[in-house]
Amino acid sequence: MPALAEPADDLQELAGVTLPTLARDSAERRARRLTVRVRNIGCEGLATGSGWALSRTLLVTNRHVLAGADSLELNTWDGHDLRVRSANVGRLGDLGIVRVSGRLPEVGLLGDAVTSGERVTAVGYPLGGELRLTAGVVVDLVEGSRFGIPGRVIRLTAPVRPGNSGGPLLDRSSRVVGVVFAKEIATGLTLAIPIATLEKLVRTGDLAPVPGCGLE
């Protein structure tokens, strides 16, 4: 991957992102096709995470999944590798955007804001292994500043493990309503960034090169 990302190209493509109509497909199949395994090879060794397709060439993940990368390896659920063209992170919050060559197999449909008690599913590659879907409910939305996230943060009961970071949080219609980023130590609850925060990043295009020793 290049030493420096290509923010101008990424911003131009972000501005052109449109949402397709909901495909008639099973929730599990859509989740498999939507979600990508991310391997970060960098100054701290190998780290794993997840990501999901915002468009046919743009992948959403977490800032911390990309940090310190000398290179990134992206794999689809059926074993295909994706080549990285550029990687950038949001200047605020734990979000990152990766631009790939070729076309991602499925594009995420963005859902509405979630409410307490709503059923959701976290999707990702825990420990860098096989794709897993874990169901739970939204507990509440809390102030995100204590987690370093602008706006609100979703707390939910669906269990996650390291490697789930950056994966999509889906509602009952398989629409993306958040981006998993952490587990709260005090409660054991999973934390996700609401889709509204990602939409703000798309609108503002406030991106920076990936932080860390590999890309400086």
- Index of the failed condition, ASN75 passing every other in (1) buried (at least 19 other Cβ atoms within 10 Å of the Cβ); (2) out of contact with any Ser or Thr (no Cβ under 6 Å at 6 or more places or on another chain): (1)
- LEU189: at pLDDT 95 or above, in contact with a Leu (Cβ under 9 Å, 6 or more places away or on another chain) and outside the structural domain of ASN40 (by TED's automatic domain parsing), yes or no? yes
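Could we say that ALA47 is farther than 21 Å from GLU199 by Cβ, in contact with a Ser or Thr (Cβ under 6 Å, 6 or more places away or on another chain), part of a strand (DSSP E or B) and free of Cβ contacts under 8 Å to residues at least 60 places away in the same chain here? Quick ask: steps written out before the conclusion?
Details: farther than 21 Å from GLU199 by Cβ: yes; in contact with a Ser or Thr (Cβ under 6 Å, 6 or more places away or on another chain): no; part of a strand (DSSP E or B): yes; free of Cβ contacts under 8 Å to residues at least 60 places away in the same chain: yes.
No, not satisfied.
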- Message: Whether any residue in the stretch 175-182 is charged (D, E, K, R) and without any contact (Cβ under 8 Å) to a residue 60 or more places away in the chain is what I want to check.
- Response: no
- Note on the structure: Filtering the stretch 89-99 down to residues that are at pLDDT 95 or above and either surrounded by fewer than 17 Cβ atoms within 10 Å (Cβ to Cβ) or assigned to a loop (DSSP other than H, G, I, E, B) (or both) yields ASP94, LEU95
- Message: I need the full set of residues from the stretch 61-83 which are more than 16 Å from PRO211 (Cα to Cα) and of a type outside the set (S, T, N, Q), in order please.
- Response: GLU73, LEU74, TRP77, ASP78, GLY79, HIS80, ASP81, LEU82, ARG83
- Query: Are there any strands (runs of 3 or more DSSP E) wholly within the stretch 163-216 with 2 or more residues that are β-branched (Val, Ile, Thr) and under 23 Å from VAL107 (Cα atoms), and if so which?
  - Reply: 176-183
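In the set ILE149, ILE154, which member is at pLDDT below 95, under 24 Å from LEU66 (Cα atoms), buried (at least 18 other Cβ atoms within 10 Å of the Cβ) and within 17 Å of the chain's Cα centre (by Cα)? First the steps, then the outcome.
Details: ILE154 fails: at pLDDT below 95.
None of the other options fit; the residue is ILE149.
Give the residues of the stretch 22-44 that are in a strand (DSSP E or B), among the hydrophobic types (A, V, I, L, M, F, W, C) and in contact with a Leu (Cβ under 7 Å, 6 or more places away or on another chain), sorted by residue number. Even if it seems obvious, please write down each step before you answer.
Pass one, the stretch 22-44, residues in a strand (DSSP E or B): 35-42.
Cutting the leftovers down to among the hydrophobic types (A, V, I, L, M, F, W, C) gives us 36, 38, 41.
Selection gives VAL36, VAL38.
Would you point out which residue out of SER86, SER55 is in the same structural domain as VAL210 (by TED's automatic domain parsing) and part of a loop (DSSP other than H, G, I, E, B)? Break it down stepwise before answering.
Working: SER86 fails: part of a loop (DSSP other than H, G, I, E, B).
That would be SER55, the only listed residue that is in the same structural domain as VAL210 (by TED's automatic domain parsing) and part of a loop (DSSP other than H, G, I, E, B).
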- Query: Do we have any residue at all in the stretch 138-150 that's in contact with a Gly (Cβ under 6 Å, 6 or more places away or on another chain), of a type in the set (Val, Ile, Thr) and over 22 Å from ARG203 (Cβ atoms)?
  - Reply: no
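Considering only the stretch 162-173, how many residues are surrounded by fewer than 23 Cβ atoms within 10 Å (Cβ to Cβ) and either more than 15 Å from the chain's Cα centre (by Cα) or over 14 Å from HIS64 (Cβ atoms) (or both)? Steps first, please.
Pass one, the stretch 162-173, residues surrounded by fewer than 23 Cβ atoms within 10 Å (Cβ to Cβ): 162-163, 171-173.
After this cut, where a residue has to be either more than 15 Å from the chain's Cα centre (by Cα) or over 14 Å from HIS64 (Cβ atoms) (or both) as well, the list is 171-173.
Qualifying residue count, the stretch 162-173: 3.
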- Query: Which strands (runs of 3 or more DSSP E) does the stretch 104-160 wholly contain that include 2 or more residues that are outside the structural domain of ASP78 (by TED's automatic domain parsing) and among the basic types (Lys, Arg)?
  - Reply: 152-156
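The values are calculated or read from the model by the stated rules, or taken from the named source; none is laboratory data. Since this is a predicted model, take the numbers as computed values, not measurements. Every residue, glycine among them, receives a Cβ derived from its backbone with ideal geometry; neighbour counts consider all protein chains shown.
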